[in-house]
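The values are calculated or read from the model by the stated rules, or taken from the named source; none is laboratory data. This one's a predicted model, so the numbers in the text were calculated from it and none came from an experiment. Please note that ligands, DNA and RNA were not included when accessible areas were found on the heavy atoms of the full protein model with its side chains. Shrake-Rupley method; radii C 1.70, N 1.55, O 1.52, S 1.80 Å.
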Amino acid sequence: MSNRRDFIKKAALGAAAVSSVGFSGFAKEKEDEKEGALEFPSKKVKKPVVISTWNHGLPANKETWKELKAGKSALDAIEAGMKIPEADPNVRSVGYGGYPDREGKVTLDACIMDHNSNCGSVCFLQGIMHPISVAKRVLQNTPHVMLAGQGALQFALSEGFKEENLLTPESEKDWKKWLEDSKYKPVINIENHDTISMLMLDQDGNLSGGCTTSGAAWKMHGRVGDSPIIGAGLFLDNEVGAAAATGLGEAVIRTAGSAMVVELMRQGKSPYDACKEITERIYNKHKNHKDMEYLQVGFIALNKNGEYAGYSLRSGFNYAVSDDEKGHRMEDAKFKMSWDK
Ligand code: ASP
């Protein structure tokens, strides 16, 4: 099966030109296609389907898929997949090995949500390798949705998690280099962030999702991004669909990004149209904003019918997709403009 999966991109591009597309917004999406694009913006697959942001979404998806097929619950499967980039020191935007804040501290944000709208979230958590697991315990073992900082750490320790140093020598070196001419100013650019956000439509037709990140590199100590905030970095309504974000968390929070994508899908928009409209809203709200210079946001969305899409403000955003028919592959999101604009 994996060989079949490995030639994915070409196969997916070829097949997509004739394969099924979403029930909604077809004509408009066709108009919106960028010149030379072979894919229709929203694609439809049979459940189950898992989609995750960025290249590190691929190994995460594979693990999630394996657990799902082994009969694990959606939340357990999401947790298992997201632990892969969290534990990988080469993924510099998630968990262990993630870039620190401007004080040299690795601070983590994560959340998880199920089809009954149960949510668990941790933010500004330090010293714990798997914030997604702590978020799941917040969902399961507390009456709350979100725990922050010392309180989140205290809870994690009481649940048996181990405290450890997450700053790798490589990340420390990069941080020290950044300090040389940073003027101590936190700036986001294309290299120094990339949350993993994952959405799932399981075999029962239920939606769930999660996010985990070390947030924006060199951020101010105490800064919390969109990723652990239900409605900003992640949102789902099991009657409608699910959405998740990556990019400049401040811009996503200002616009309640993921919740808005889901609300547009509720009104009948396809995942593609919904992601695009909210990305454009963010652009319009930031055209004259100080953040515009380095503004990047990307959304993924998945509806109850197995239609999915991704869209970003600037070029370069991709996401992993897994389903029974085509296996695991990366797909490029369409975007509004490239980085030089
Ligand atoms: N959204 C994350 C944050 O602002 C970073 C990212 O996904 O690129 O913390």
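Okay, here's what the table says:
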item: For the stretch 74-117, the fraction of alpha-carbon pairs in successive 10 Å shells from zero, as %; result: 27, 43, 24, 7
item: Cα-based Rg / Dmax (Å) for the stretch 33-140; result: 16.0, 47
item: 5 angstrom amide H check on Met129, placed H, neighbours 5+ away; result: Glu164
item: Derived scalar couplings ³J(HN,Hα) [the stretch 245-250; Karplus, 6.51 cos²θ - 1.76 cosθ + 1.60; whole Hz; x for Gly, Pro]; result: 10, 9, x, 5, x, 4
item: Under the Karplus curve 6.51 cos²θ - 1.76 cosθ + 1.60, θ = phi - 60°, whole-Hz ³J(HN,Hα) for the stretch 92-109, x wherever Gly or Pro sits; result: 8, 10, 9, x, 4, x, x, 5, x, 7, 6, 8, x, 9, 7, 10, 10, 10
item: Gained length - Asp332 relative to Lys287, 0.36 nm times residue gap less alpha-carbon distance; result: 13.7 nm
item: Integer Hz, Karplus 6.51/-1.76/1.60 couplings in order for the stretch 49-65, x for Gly and Pro; result: 9, 10, 10, 9, 6, 6, 4, 5, x, 5, x, 5, 4, 4, 5, 4, 4
item: Where the stretch 208-263 is the region considered: accessible area per residue in Å², 1.4 Å probe; result: 22
item: Spatial separation of Cα centroids for the stretch 270-310 and the stretch 192-228, in angstrom; result: 15
